[in-house]
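Coordinate-derived values only; no laboratory data. Every value quoted in this text rests on a predicted model; they were computed, and no experiment measured them. Every residue, glycine among them, receives a Cβ derived from its backbone with ideal geometry; neighbour counts consider all protein chains shown.
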């Protein structure tokens with residue numbers, strides 16, 4: 001079945017460091033891919049998405065490219081801020097429209 | 001900005017008790033979902049709901065769970081007889097532009113079963 005695998009956290013970085021959070025997926029067909037973010041005490045918010053191969057989703061300085069050949073959707077940001085500290089979830093769309101999430105990766109950014 | 005709201009934010013209950021978690025989806029949305037997140041684990045799909053009936057459900061969503069849209073605005077998740085392993089954060093979500101649109105999530109209801 002469809003599944004998502006994310007790198008385990010926590011990821012601890014200093015402010016202005018480069019961020020990569022790896023995400024790979026297994027799916028039949030051509031799902032849409034998403035990154036959701038969960039700030040402390042809040043619900044899940046869509047960060048970015050890509051709906052087909054080679055699409056790049058971007059938002060708030062974060063980017064991820066839908067790579068069909070490597071079945072990956074890695075999240076990157078060139079210079080993280082303390083305010084980016086959160087849990088990041090990679091997800092894909094299931095056949096019924098539901099989202100299938102990875103386990104989440106906690107990012108901690110220190111000044 | 002429209003948002004999905006959930007109540008209660010935290011509920012503590014005894015094992016075997018019934019619990020109802022409430023959600024008010026965004027008003028013009030048509031598809032509704034419940035997810036849960038056991039502490040430290042992934043967010044898991046429970047059920048989707050469209051046109052007043054369940055459209056998809058996972059194997060987690062067994063006979064002790066039910067969903068209802070009683071009055072056209074609320075969307076509820078009922079757990080009939082709670083177990084310790086039901087302790088989790090439960091998230092409601094809705095989407096308006098068809099099933100492949102962006103899901104908007106509520107802030108979650110934390111359920112603690114003692």
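Measuring from a point 7 Å past the Cα of residue A:69 along Cα-to-C-beta, which residues in the stretch A:1-39 have an amide N at less than 20 Å?
A:22-27, A:29-31, A:33
Calculate how many DSSP beta bridges within the stretch A:5-111 are antiparallel, expressed in % of all such bridges and rounded to the nearest 5. Don't jump to the answer; show the numbers that get you there.
Values: 32 of 36 bridges.
Percentage antiparallel, nearest 5: 90.
Which shape class applies to the protein assembly as shown: rounded if a/c is under 1.5, otherwise prolate when a/b exceeds b/c and oblate if not, where a ≥ b ≥ c are the square roots of the Cα gyration tensor eigenvalues?
Numbers: a/c = 1.85, a/b = 1.46, b/c = 1.27.
Judged from the Cα gyration tensor, the protein assembly as shown comes out prolate (a/c at least 1.5, a/b above b/c).
Determine the shielding of peptide B:38-48 by partner chains: average, over its residues, the number of Cβ atoms on other chains within 10 angstrom of each Cβ.
On the way: counts 0, 0, 2, 3, 10, 12, 3, 7, 1, 1, 4.
What the average comes to for B:38-48 is 4.
Which whole number gives the average, over all residues in A:43-50, of C-beta atoms from other chains lying within 10 Å of the residue C-beta? Walk me through the intermediate numbers first.
Details: counts 13, 11, 3, 4, 0, 0, 1, 0.
Whole-number average of other-chain Cβ neighbours for A:43-50 is 4.
I need the peptides B:12-18, A:99-105, A:79-85 ranked by packing, meaning the mean over residues of other C-beta atoms within 10 angstrom, with the highest value on top. Don't skip to the answer; put the middle values down first.
Numbers: B:12-18: 11.9, A:99-105: 22.4, A:79-85: 15.1.
The densest-packed peptide leads the list: A:99-105, A:79-85, B:12-18.
Rounded, prolate or oblate: which fits chain B when a ≥ b ≥ c are the square roots of the eigenvalues of the alpha-carbon gyration tensor, with rounded for a/c under 1.5 and prolate only if a/b beats b/c? List each step's numbers first, then the result.
Working: a/c = 1.67, a/b = 1.59, b/c = 1.05.
Note, shape of chain B comes out prolate.
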